[in-house]
There are 2 protein chains.
Amino acid sequence: EEEIPEDHPRYQDLLTRHRIENGVEKGITHLQGMHAEGRGSAFDYLLGEETIPSADEAERAAAAHLLLADHPVLSINGNVAALVPGEMVELADAVDADLEINLFNRTPERMQAIADHLRDHGATAVKGLEADARIPNLDHKRAKVDADGIYEADVVVVPLEDGDRAEALEEMGKTEIVIDLNPLSRSPQVAEVPVVDNIIRAVPNITEHARDLADAETDELQSVVEQFDREEALEAAEKRIRDGL
Amino acid sequence: EEEIPEDHPRYQDLLTRHRIENGVEKGITHLQGMHAEGRGSAFDYLLGEETIPSADEAERAAAAHLLLADHPVLSINGNVAALVPGEMVELADAVDADLEINLFNRTPERMQAIADHLRDHGATAVKGLEADARIPNLDHKRAKVDADGIYEADVVVVPLEDGDRAEALEEMGKTEIVIDLNPLSRSPQVAEVPVVDNIIRAVPNITEHARDLADAETDELQSVVEQFDREEALEAAEKRIRDGL
């Protein structure tokens, strides 16, 4: 990672790719994660590889939701763990959220490798290993969650999530914050807050907004939440992808 | 592969992903190939996952170029070998071309695995293992080619190729046919015939055009070549990606 010069024009793309490749080698990321990341990188390329203004607004709204939450949980899969382990730990600290591992291809070995990886990056508590509750309307393996984690959370951050699971969480009535680079995919479409941005930029920016809003009154946080327009944000991202090319 | 039903709405995407994953497992495809394929799949999604009319014209022009060539060569990398091994062998037969392996991350093991894989799919002769010549203006490893293969070829098909190598081949004066799903990337930009299409659809379609043109006179082939407008094709693909979203 130290070998990639920060002023390289494709720095973020190279860094992302490098981290995912490492994740696959360490058994954290499924091979399909490399494919998903490649797919995301094409959308990022079309977006101009920057946080567009509507994404920054979504990230501020996400921070406000997390600060207002009674029990916020950040969901971690193999790509998230590979790409932003330390950044997710920092966000969890900033908004007092739990970290919970949830995998599409769940094996005990990968669960353990990811838990260790998060602890290496400063996590003190990691949920998801108990798996003593189920998300309704989702097939068995992917439905596994912790009863005192995602199951009872009011606000969940689900980055790089598949559509079925995002929908099932939405149906449970949770406030969902989705990070995804394709504004037309199902996960951002069902989310209360769709963040169309590269997770590498999005997570640190949500943390920054959370720190900025740390002393805000409930009224101010609620006004940030209400001012955010999800339809407008999805349209702005789609327009950028279309016109930016 | 037999498990994916052909009428599945995402049949091609699933098939492609499955073949690349297999390629990685067999040591044919580099892990980065999975990423590149994911990136391509996003562009294919934006194209509508079909061969657009301008791509079909490019594929017909490619067939005409190959039939007119004195010494056509089809370049094979790890993704090409994983995705369309039998299809490349068929195309080579249809236009009497050589198959030559050329890898971005060249190791003796991968060269051998790919040669074996191509032979399993019907190839009788496979070039690239001699590596007794060099493409000028390219760093050492990637420059390696066979003296009686790509080095002396007049027409080369270079699918899913990186920009540096595509440019270096162009500078050697070769007629280059590039297959790539991103019309803005450097390889299609420098190619005489940019084919903006999924390689899984493109290669069989070039073969079909070649069979259709097999008995054509030189005049007719030259007219197919001359009627193809590369700028128009690149613009049509870009427009489709932009409007299709």
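The values are calculated or read from the model by the stated rules, or taken from the named source; none is laboratory data. All figures in this text were calculated on a predicted structure; none of them were measured in a lab. Cβ placement follows ideal geometry from the backbone for every residue including glycine, while neighbour counts extend to all protein chains displayed.
State all residues of the stretch B:45-63 that are in contact with an Asp or Glu (Cβ under 6 Å, 6 or more places away or on another chain) and hydroxyl-bearing (Ser, Thr, Tyr); if no residue qualifies, say none. Correct list: B:Thr51 only. Do we have any residue at all in the stretch B:188-206 that's assigned to a helix (DSSP H, G or I) and acidic (Asp, Glu)? Scanning the stretch B:188-206 turns up no residue that is assigned to a helix (DSSP H, G or I) and acidic (Asp, Glu). Apart from one condition, B:Lys239 fits all of (1) under 21 Å from B:Leu103 (Cα atoms); (2) part of a helix (DSSP H, G or I); (3) modelled with pLDDT under 95; the exception is (1). Pairing residues of the stretch A:217-245 that are within 14 Å of chain B (Cβ to nearest Cβ) and closer than 15 Å to A:Glu50 by Cα with residues that are among the polar types (S, T, N, Q) and part of a helix (DSSP H, G or I), at Cβ distances under 9 Å and at least 6 apart in sequence or on separate chains, gives A:Ala236/A:Ser54; A:Ala237/A:Ser54; A:Arg240/A:Ser54.
Applying the set (1) among the hydrophobic types (A, V, I, L, M, F, W, C); (2) within 26 Å of A:Arg17 (Cα to Cα); (3) surrounded by fewer than 18 Cβ atoms within 10 Å (Cβ to Cβ) to A:Ala133 leaves exactly one unmet item: (2). Identification of helices (runs of 4 or more DSSP H) wholly contained in the stretch A:1-69 with 3 or more residues that are within 14 Å of chain B (Cβ to nearest Cβ) yields A:11-25, A:31-47.
Looking at the stretch A:152-164, which of its residues are at pLDDT 90 or above and either among the hydrophobic types (A, V, I, L, M, F, W, C) or crowded, with 22+ Cβ neighbours inside 10 Å (or both)? A:Ala153, A:Val155, A:Val156, A:Val157, A:Val158, A:Pro159 - these are the residues of the stretch A:152-164 that are at pLDDT 90 or above and either among the hydrophobic types (A, V, I, L, M, F, W, C) or crowded, with 22+ Cβ neighbours inside 10 Å (or both). For the stretch A:211-233, a tally of residues being assigned to a helix (DSSP H, G or I) and farther than 17 Å from A:Val158 by Cα returns 15.
For the stretch A:8-24, the condition holds for no residue, the condition being that it is surrounded by fewer than 21 Cβ atoms within 10 Å (Cβ to Cβ), closer than 23 Å to B:Glu25 by Cβ, modelled with pLDDT of 90 or more and among the small types (Gly, Ala, Ser).
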